[in-house]
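Okay, so here's the structure we're looking at.
Each reported figure results from applying straightforward, stated rules to the coordinates on display, with no laboratory input. Every value quoted in this text rests on a predicted model; they were computed, and no experiment measured them. Please note: Cβ atoms are built from the backbone with ideal geometry, for glycine as well, and neighbour counts cover all protein chains shown.
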Amino acid sequence: MTPLLAGLCGALIVTGLTGAMWALRARPETPVEPRPPSALARRLTGLSRRQRIDLAASILIGGLAAAVTGWLVLVLAIPAAWLGLPYLLSAPPTAQRIRRVEAMEEWTRALAGVLGAGIGMEQALTATLRSVPDPIRPEVTQLVARLRARWDTETALRAFADDLDDVTGDLVAANLILAARRRNRSLASALHGVAESVSEDVAARRRVEAGRAKPRGTARMVSAFSLGVLVVLAFTGDYVAPYGTGLGQVILVVLLVAYAGGLLWMRKMAEGKDLPRFLGPEARAAR
């Protein structure tokens, strides 16, 4: 045995003994905190009965397709496409946010009209409850309930802004808070100005959403065409035969993941970012 090899063996023995002594030494017991469920586990447990049936059916179809073609990747690809493509190619929930902002505009105009009759702000807020638009009815109902429960008006309006959770709601609530502090009689005209500003905001959001709808339609058409071509080629020629090999399956997975990543990126860009609020908890904490 050479001196170098003998020294290396000795160093390994010393390292092993040191590690064993470190592992056997007494340690204080620490409580093991339960690990939070992963995002995938939360998504699976949150599926509805219809979605679970669709998932089971897609897994069954993927297994049958893999058994017929010999492509094991289909066991995962078909369920992923079945559940993922509707999400990737569908419109983001921008339309719902636009309807909420439009409802804020309509409610603000109604509130300004009631205030123009010369009644107090708390009574005006209660009077608008009968005609409040559906998208913001729960928030306005909660606001009126707080006022009837003898909440301070400013506190109730700040909670109302938090319930709306939108920068437009902050704008409306801020004007109402200033009026509650000063008991300003020009609140009706101020709210009319706010309603005009919100109306312009709604029109701008609709124009942006119309522009974003065009690439989504193109992505749907390209995805449907590509899927149809691949299905036809799979049964009519040898074009996809190389993907049946082990290396071909790996390359196919990489290509599918890249395509899904492109669709996800496009959807995230189409969603946009909401403007930061100036009455929310984060704005108060930053002061």
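Table for the structure above
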{"item": "Region 249-259 - phi-based ³J(HN,Hα) in whole Hz, Karplus 6.51/-1.76/1.60, Gly and Pro as x", "result": "5, 5, 4, 4, 4, 4, 5, 5, 5, 5, 5"}
{"item": "Within-9-Å neighbourhood charge of Glu105 [Cβ basis; K, R +1; D, E -1]", "result": "-3"}
{"item": "Per-residue ³J(HN,Hα) for region 95-110, Karplus 6.51 cos²θ - 1.76 cosθ + 1.60, θ = phi - 60°, Hz, x for Gly and Pro", "result": "4, 5, 5, 5, 5, 5, 5, 4, 5, 4, 4, 4, 5, 5, 5, 5"}
{"item": "Taking Lys273, Lys214 and counting other C-beta atoms within 10 Å, the order from fewest to most", "result": "Lys273, Lys214"}
{"item": "Distance from region 230-269 to region 90-106 (C-alpha centre basis), Å", "result": "36"}
{"item": "Computed over region 94-206, the ratio Rg/Rh where both radii use C-alpha atoms and Rh is Kirkwood", "result": "0.93"}
{"item": "Centroid-to-centroid separation of region 113-149 and region 52-87 [C-alpha atoms, Å]", "result": "51"}
{"item": "Taking Ile98, Ile61 and counting other C-beta atoms within 10 Å, the order from fewest to most", "result": "Ile61, Ile98"}
{"item": "Segment Gln96-Ser186, length gained on full extension (0.36 nm per residue, minus Cα span)", "result": "29.2 nm"}
{"item": "Percent of Cα pairs exceeding the 13 Å cut-off, where the set is region 151-211", "result": "65"}
